[in-house]
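The values are calculated or read from the model by the stated rules, or taken from the named source; none is laboratory data. All values derive from a computational prediction rather than experimental measurement. Ideal geometry is used to build each Cβ from the backbone, glycine not excepted, and the neighbour counts take in all protein chains shown.
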């Protein structure tokens, strides 16, 4: 049986709500970047939009998995049939496994595209990196830990890049971007220790949401500054 439920039972549904907020934030930023790409015609905005669309897709996959599993478990509890529960969960195992794979794949691809904006990659490196991402999350026996460790490393590098930008230009938005990705990186560490206690999952979800909210505020600030600059 594929393990896809990491949330404590009392947190069921609440994590879907939190992830839905993160999904809306990611889509908002992706749309914002798409519009800027059409105006500026800069590939960086195109890659930025692509990265956030990919991460948004990962959250959509996660929400779909959790909603399906939670609904089935709660529904079968109401019916009160143990055999029925087992049949339903077994029939959803393929969906859960494929959804979990897509969640991890889209997440790491999104972070890698975001990283590649600041660290230019050759086509060979991109293909090689995608290959290693697929291998690490699909064929590794410790894919759960490999996924969150890889996410943490990529986010750490991205955070450091924004922090270095902040040190150079002293712009508030650069500092907020560095802070947001640092907070999201921190949440990955909490997810890694969920096997000790599921409360780490709750903490990770909340911390991750805070990170994405800071990220949204940063992009809204950039948008406002751009509009004021155009008016001036």
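Here is how the numbers come out for the structure above:
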item	result
The listed residue being free of Cβ contacts under 8 Å to residues at least 24 places away in the same chain and surrounded by 17 or more Cβ atoms within 10 Å (Cβ to Cβ), out of 204, 211	204
Within region 111-210, helices (runs of 4 or more DSSP H) holding 3 or more residues that are at pLDDT 90 or above and farther than 20 Å from residue 59 by Cβ	143-169, 172-192
Residue match in region 11-24 (condition: surrounded by 21 or more Cβ atoms within 10 Å (Cβ to Cβ) and closer than 29 Å to residue 120 by Cα)	yes
Every pair of residues 6+ apart whose Cβ atoms lie under 6 Å, when the first sits in region 156-170 and is on the phi < 0 side of the Ramachandran plot and without any contact (Cβ under 8 Å) to a residue 24 or more places away in the chain while the second is surrounded by 13 or more Cβ atoms within 10 Å (Cβ to Cβ) and part of a helix (DSSP H, G or I)	162/174; 162/177; 162/178; 163/178; 165/174; 166/174; 166/175; 166/178
